Structure formats: structure tokens, C-alpha cells
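Input: a single structure, listed below in C-alpha cells.
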Amino acid sequence: MHKFITFIKEFRIPNKKEVSGAIASFSRKESTIFFGAVFIALVSIIILVAKINNNFMDRVPASGGTITEGIIGMPILVNPVLAVSDADKDMTAIVYSGLMRETENNKFIPDLAESYTISADGMTYTFILKDDLKFHNGAKLTADDVIFTIEKIKDPIIKSPRKISWDGVEVSKKDDLTVVFKLKQPYISFMDNTTIGILPSSLWKNVKIQEFGVSPLNVKAVGSGPYKIESVSKNKDSIPERYELKYFKNFALGVPHIKYINIVSFASEKELMKALLDHSIDQAGGLNPENAASLEKSNYDINTSTLSRTFGLFFNENRNKIFADTSVVKAFDKAINREDIINQVLSGYGTVIHNPIPEAMVKDDYDSNSSIEEAISILEKAGWKKGEDGIMMKGGTTTKTITKKVGKKTITQTVKVNNGAVTRLSFSITTGDRPELRQAVSLIKNQLEKVGAEVNIDKIYETGQLSQEIRSRDYEALFFGQIINHESDLYSFWHSSQITDPGLNIAIYNNKSVDSILESIQKTLKYEDRIPKYKSFINEFNKDPQALLIYSPKYLYASSLNINNNLINTLSTPSDRFVSIYDWYAKEDLVWKIFTK
């Protein structure tokens with residue numbers, strides 16, 4: 001023990017001169033060994049410290065960076081009350097905030113709202129705003145701004161495209177932070193209404209109603225959304241073609257990560273593609289499949305999201321009686337190869353569908369395998385037979401062998417049976433004059449001809465004329481797409497009360513059981529409680545289909561940047577891609593875990 005104490009007392013760290021002298025006394029071999037050992041020790045210590053450090057660190061989004069996005073069209077109505085075009089809606093989604101913000105799978109989170117309550121009868125919605133909300137110009141946002149915005153939407157002179165969603169809704173305030181909406185009847189899509197962007201009444205109250213659509217505030221817009229407009233560049237015709245935006249530090253859901261967002265307008269997808277390929281913009285959406293495939297080869301990431309659009313064949317038995325025969329529609333369902341149509345028309349960027357309910361709402365387990373043999377079997381069992389020209393026919397005079405007993409004898413006779421007028425399995429398809437629609441109906445024609453159907457494609461119309469054909473229901477079969485922006489749209493598309501214009505039931509679908517289900521859904525407030533009813537709708541629809549749903553196209557979004565801007569699974573409208581723009585980030589930082597809790 002005494003020796004140990006003496007050693008401790010005598011032990012000291014050598015000074016610089018002593019260390020230098022010791023190293024100088026090393027032989028070449030000893031020096032190599034010594035410095036090698038020191039190097040290995042230092043590297044080991046660095047690696048060990050890094051590993052220990054990483055165990056206590058988290059990756060978090062870092063602030064900063066710039067994104068330049070290209071869009072097709074010129075945003076001239078950056079106003080939630082007036083926005084009509086996709087370009088207008090894109091800008092509006094970035095600049096404005098609503099009481100609520102939609103996320104995935106029909107879910108909503110509070111945006112400007114702190115909280116909300118819904119009455120038991122589903123007819124009164126009360127929202128309490130967050131305190132100290134601000135517009136981009138620093139003005140305070142209160143219940144008065146919410147009421148002002150809704151009143152402008154409802155004003156018949158302004159003619160807002162959102163007006164129909166607000167008709168019959170009374171809006172009032174309890175205090176500066178409390179807004180109350182009263183409905184005349186339950187409306188399951190009312191929460192969608194509450195995502196509408198809020199206008200600053202302090203700026204807009206002095207704008208005359210007649211000048212509402214031409215106010216400069218529709219371009220240099222002021223909202224309370226994640227990004228505020230810093231500058232607007234116009235072309236020689238004074239039309240906005242470039243918006244430069246900066247993150248809004250007082251945004252209700254927190255400061256966005258990306259500091260600058262630039263939105264650049266293009267007149268066509270051809271011009272947009274040129275800008276992507278020469279890298280004058282970083283990303284763009286709404287691309288056609290052919291262009292998306294080309295960009296993928298140029299090292300762009302292609303993100304996809306299913307659009308709430310259903311394309312299919314809608315049959316009108318009032319114009320062609322073959323569709324009154326359920327076996328015909330069921331046979332066509334088996335004959336159509338949906339995967340093949342998606343691969344050829346959409347380059348694989350589509351989702352197979354078999355019923356009117358979007359997959360984001362209810363997943364359908366329907367057997368999607370096509371089979372020409374099964375299709376022919378279904379028709380033959382229903383009395384259809386191929387004629388001399390290969391077209392299936394039903395009715396007319398046929399022979400039938402009957403066996404009967406006469407006394408002790410069994411007599412076999414061939415007799416003629418009159419099955420009524422001869423019906424050919426023949427019909428025409430009406431569609432719009434767009435390349436993908438033409439290609440789709442051409443493929444459908446080829447597939448159905450294999451089961452003995454005669455399909456004519458002689459009614460291809462421009463948009464205006466097609467709309468008139470649809471309104472008058474003047475078609476035998478219509479290949480068309482439905483846009484499902486809200487759950488309540490399903491009532492408009494499939495309830496029997498909507499069969500005639502201005503109703504949207506283009507399949508002339510009349511099913512009392514489905515009517516009852518749709519009426520019940522309209523009164524069911526909880527989304528979870530509506531799901532089994534949608535499944536019942538699907539079951540009823542499959543018993544007696546009057547339309548064949550074929551595909552939902554994908555929204556294609558190309559980006560050259562490593563940004564976490566993954567789209568939500570299903571988009572109701574293309575502008576929905578911006579609902580989480582405040583969460584996008586291009587950089588990451590490492591932070592001690594204790595600071596992320």
C-alpha cells in the first residue's frame with residue numbers, strides 16, 4: 001500500500017519536451033508501430049463517439065431551401081370564393097387556410113380552429129378559433145372574417161362555384177372566436193365545406209360586389225395559409241405567370257420548413273415538359289403517362305396518387321333494351337380486361353375498380369379476373385346464341401326437342417318455338433374526343449367482340465356537345481368519368497331521384513334498395529358508421545349492375561428534388577397535393593433526442 005501511494009505521488013503527466021525526447025529515441029520500426037497505434041486509437045475513438053452520439057440523436061426536418069413548381073394555366077383568381085381552374089385552386093391551397101384541413105382517408109384536422117363540436121342531430125356545428133390568428137398582412141383573423149367569407153360565397157351576384165354547398169346554411173358568431181353553422185338537414189360532407197379558405201374582411205369589405213372578380217386582391221392575394229405572396233411577375237398581356245412566395249411564420253399549424261416556393265405557369269404540358277427537362281423548374285404534377293415515363297428515364301422521381309375519378313361504361317336501357325338483361329352486363333364485366341386497358345391507355349398508372357365507391361373509402365374484394373369463356377357461358381345460359389355472322393342473338397323462332405308419353409309409348413318430337421323478336425347483341429358507345437377515351441373504347445370494343453357483341457364507336461363528341469348528349473340521356477352506352485369530390489356526390493350519381501337532368505345519374509340507375517342505403521348514409525354522421533352501409537351498397541350494385549366501372553387514373557407528380565412531398569393516397573382534386581405543403585422539407589438536421597420530445 002505504501003509503495004502504491006508513493007507511485008501515485010510520483011506519477012505525473014510528462015511535459016512536451018519529455019514526450020518529444022521519448023519519441024525521438026524511437027527506432028524507425030518503433031516509430032511506425034507507435035504512430036500506427038495512435039492513428040488506430042483515434043479512428044476507433046471517433047467511430048465509437050459517433051455511434052454513441054447517433055443513439056442519442058434524431059433526424060428532424062431542417063428549415064430552408066427553395067422549390068420551383070410548374071403548373072399549367074395562369075392563376076388569376078387566387079380567391080377561395082371564386083377559384084375555378086386548377087391553377088387558381090393550386091394557388092388558393094397554398095395561400096389560404098380554412099377552419100379545418102383535410103388529410104388522408106376523409107379525415108380532417110383543425111387548422112384555424114382550436115376545437116369544434118357537432119350537435120347530436122348533425123345540424124349545428126360550432127367552431128372555436130385559435131387565439132391570436134393573423135393574416136399575411138398582420139391583421140387579426142376573427143369570426144367576422146369567417147362570416148364575411150361565407151356571405152360572399154352565398155351572394156348570388158358573385159356566383160361562387162362553392163355556393164351550392166352553402167345554400168341553406170346559416171352562419172353566426174357567439175363572440176370574436178366562436179362561429180356557429182346551422183344546417184336545415186344533416187349533410188355528411190359539411191366538414192369539406194369548412195376547409196374553405198378565409199378572406200380578410202378588412203381588405204375585401206371596400207370592394208364592390210360588381211368588382212369582386214376583377215379586384216387586384218385576386219392576384220396579390222392575402223390569406224392566412226402556409227405561404228404568403230412576396231411578388232408576382234406578369235407577361236406582356238399583364239397576366240400573372242410567376243408567383244414568388246415565402247413561408248408565413250404565423251401560420252396556424254407552425255412555421256413551414258421550406259422557406260421559398262415559386263409557382264411558374266405554362267400554357268401547355270409541352271412547355272411544362274421542356275422546363276422540367278432543362279431544369280428551370282424542380283417539379284410538376286398532372287402529367288400524362290407518356291411524359292411521366294420519359295421523365296423517369298431522366299432521373300426524376302415519379303410520385304403517384306389515385307384520383308377520385310371513376311371511368312367506366314354507363315348503360316341506358318331506355319335507348320337499348322339489351323341492357324335490361326342483367327346477364328349481358330355481367331358477361332361484359334367478365335369480358336373486359338381492366339388491367340390491359342390501364343396498361344395500354346395509362347401506361348400502367350391507374351387503379352382497377354369494379355364499383356362506384358372509391359377504394360379510399362371502402363376496399364372491394366371483387367374478383368377482377370377477366371375470362372372470355374366465362375362471359376360466353378353467361379350469355380349462353382341466358383339464351384344468347386351466335387348467329388351466322390358471329391354476333392350473339394336472342395329470340396326469333398328456334399327448334400326444341402320434346403319427349404312425351406302417349407299410352408305406353410315414348411314419342412320424341414321436334415317443334416318450333418317462337419321466342420319473340422330477334423335481338424342482336426349490338427350497341428353503340430358514346431364518349432369524348434380525347435385520345436385516352438378513344439383508345440379505351442377501342443380496346444373495350446375489341447374485347448367485347450370476342451364474346452360475340454357488335455360494338456359501334458360512331459359518337460365521339462367535343463366537350464360541349466357531349467354535355468348536351470349526357471343531359472338529354474341520348475346514348476346507348478357512355479364511356480365517361482365521374483369526379484367524386486365529396487361522399488355526398490354518390491347520392492347525386494346513383495339515387496333514382498337524379499335520373500333526369502339536372503340530376504347526375506347517367507346510368508339511369510333505379511334500385512330502391514340502393515336508394516334506401518344512400519338516404520341512410522346521408523343521415524349517418526360518423527364515417528366509421530357509414531362504411532358498412534357502403535359495403536351494402538356494393539353488394540346491391542353487384543347483383544344488378546347498370547354500369548361497369550373500369551379504372552381510376554393516377555395523378556402523376558415528377559420531382560428532381562429529394563423532398564418528402566409524398567402525395568396522400570387519394571386526391572379529390574389535384575390541388576389537394578398541397579394540403580401538407582407546410583410539412584415538406586428538403587434538408588434534415590441531427591438533434592439530441594431530449595430536444596425532440
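Shown for K228, K543: other C-beta atoms within 10 Å of each C-beta, ranked fewest to most, produce the order K543, K228. Here the alpha carbons of the stretch 425-467 define both size measures, Rg and Dmax, at 10.9, 34 Å.
Sort D489, D501 so that the residue with the fewest other Cβ atoms within 10 Å of its own Cβ comes first and the one with the most comes last. Don't jump to the answer; show the numbers that get you there.
Values: D489 18, D501 13.
Least crowded to most crowded, the residues run D501, D489.
Converting phi to 3J(HN,Hα) with the Karplus coefficients 6.51, -1.76 and 1.60 and the offset θ = phi - 60°, the stretch 347-362 yields 6, x, 8, x, 10, 5, 10, 10, 9, x, 8, x, 4, 5, 8, 9 Hz in sequence order, with x at every glycine or proline.
Figure the gain on full extension for I46 and D340 (residue separation times 0.36 nm, minus the Cα-Cα span) and round it to one decimal in nm. Working shown, then result.
Values: separation 294, 0.36 × 294 = 105.84 nm, distance 5.65 nm.
Value of the extension gain: 100.2 nm.
Each 20 Å bin, from zero up to the one with the longest distance, holds this percent of the alpha carbon pairs of the chain: 16, 40, 25, 11, 7, 1, 0. Beta bridges from DSSP with both residues in the chain: antiparallel share about 80 percent, rounded to the nearest 5.
Round to the nearest 0.05 the FRET efficiency obtained for R438 and S516 when R0 = 60 Å and r is the Cβ-Cβ distance. Show your work: numbers first, answer last.
Details: r = 39 Å, r/R0 = 0.64.
Taking R0 as 60 Å, the efficiency between R438 and S516 is 0.95.
Length available on full extension from A120 to E388: 0.36 nm per residue minus the Cα-Cα distance, which gives 89.9 nm.
Remark: the stretch 94-100, residue by residue, has Karplus-estimated 3J(HN,Hα) of 8, 8, 10, 10, x, 4, 10 Hz, where x stands for each Gly or Pro and the curve is 6.51 cos²θ - 1.76 cosθ + 1.60 at θ = phi - 60°.
Just want the ordering: L141, L287, L561, from fewest to most Cβ atoms lying within 10 Å of their own Cβ. Don't jump to the answer; show the numbers that get you there.
On the way: L141 26, L287 23, L561 16.
In increasing order of surrounding Cβ atoms, one gets L561, L287, L141.
Backbone amide hydrogens, once placed in the peptide plane, bring K134 within less than 5 Å of L141, excluding anything fewer than 5 places away on its chain. FRET efficiency for the K321 to T524 pair, using the beta carbon distance and R₀ = 41 Å, is estimated at 0.65.
Mind scanning K249/K270; K130/K152; K107/K321; K394/K445; K208/K228; K334/K533 and naming the pairs with a C-alpha gap bigger than 31 Å?
Working: K249/K270 36 Å; K130/K152 23 Å; K107/K321 43 Å; K394/K445 20 Å; K208/K228 24 Å; K334/K533 26 Å.
Violating the 31 Å Cα-Cα cut-off are K249/K270; K107/K321.
Close amide H contacts of K386 (hydrogens built in the peptide plane, cut-off under 5 Å, sequence separation of 5 or more or a different chain): M393. Length gained on full extension, S25 to V38: 3.0 nm, using 0.36 nm per residue less the C-alpha separation.
Based on the Cβ-Cβ distance of K236 and T103, what FRET efficiency does E = 1/(1 + (r/R0)^6) give at R0 = 41 Å, to the nearest 0.05? E between K236 and T103, to the nearest 0.05, is 0.50. Rounded to the nearest 500, the 222 nm mean residue ellipticity of the chain from helices alone is -9000 deg cm²/dmol, with -39,500 (n - 2.57) taken per DSSP H run of at least 4 residues. Farthest toward the positive end of the dipole of the chain, out of F135, Y557, S492, is the Cα of Y557, where the dipole comes from beta carbon charges about the Cα centre.
In percent, how large is the relative contact order of the stretch 72-214, given Cα pairs closer than 8 Å and 6 or more residues apart?
Working: 231 pairs, mean separation 39.1, N = 143.
27 percent.
Taking a straight line from the alpha carbon of K154, these aspartates and glutamates sit under 13 Å away, with near neighbours fewer than eight places off in the same chain left out: D167, E170. Computed with the Debye formula from one identical point scatterer per Cα of the stretch 440-597, without solvent, the log10 of I(q)/I(0) at q = 0.13, 0.16, 0.18 Å⁻¹ comes to -0.86, -1.12, -1.25.
What aspartates and glutamates sit close enough to K385 to cross-link, taking a C-alpha to C-alpha distance under 15 Å and skipping anything fewer than 8 places away on the same chain? Candidates past the 8-residue exclusion: D325, E373, E374, E449, E454. Straight-distance candidates among the aspartates and glutamates for linking to K274, with alpha-carbon spacing under 18 Å and chain neighbours fewer than 8 residues away dropped: E69, E241, D282, E290, E296, D301.
Assign unit charges at the C-beta atoms only (+1 for Lys and Arg, -1 for Asp and Glu), then state the dipole size of the chain relative to its Cα centre in Debye, rounded to the nearest 20. Numbers along the way, then the final one.
Values: 74 positive and 72 negative charges, 262 e Å.
So the magnitude is around 1260 debye.
Mean sequence separation of contacting Cα pairs (under 8 Å, at least six apart), scaled by the length of the chain, corresponds to a relative contact order of 20 percent. Label point of S85 set 7 angstrom out along Cα-Cβ; within the stretch 259-297, amide nitrogens under 13 Å from it belong to 264-269. Rounded to the nearest Hz, the phi-derived 3J(HN,Hα) couplings of the stretch 198-211 under the Karplus curve 6.51 cos²θ - 1.76 cosθ + 1.60 (θ = phi - 60°) are 9, 7, x, 4, 4, 8, 8, 5, 8, 8, 5, 3, 5, 9, where x marks glycine and proline. Using a simple spin-label model with pseudo-atoms 7 Å out from Cα toward Cβ, T410 and S371 lie 3.4 nm apart.
Taken together, the values in this text are just the output of simple stated rules run on the coordinates, not laboratory data. Bear in mind that the values here come from a model prediction, so they are computed numbers and not experimental data. A quick note on method: Cβ atoms are made from the backbone with ideal geometry, for glycine too, and the neighbour counts reach across all protein chains shown.
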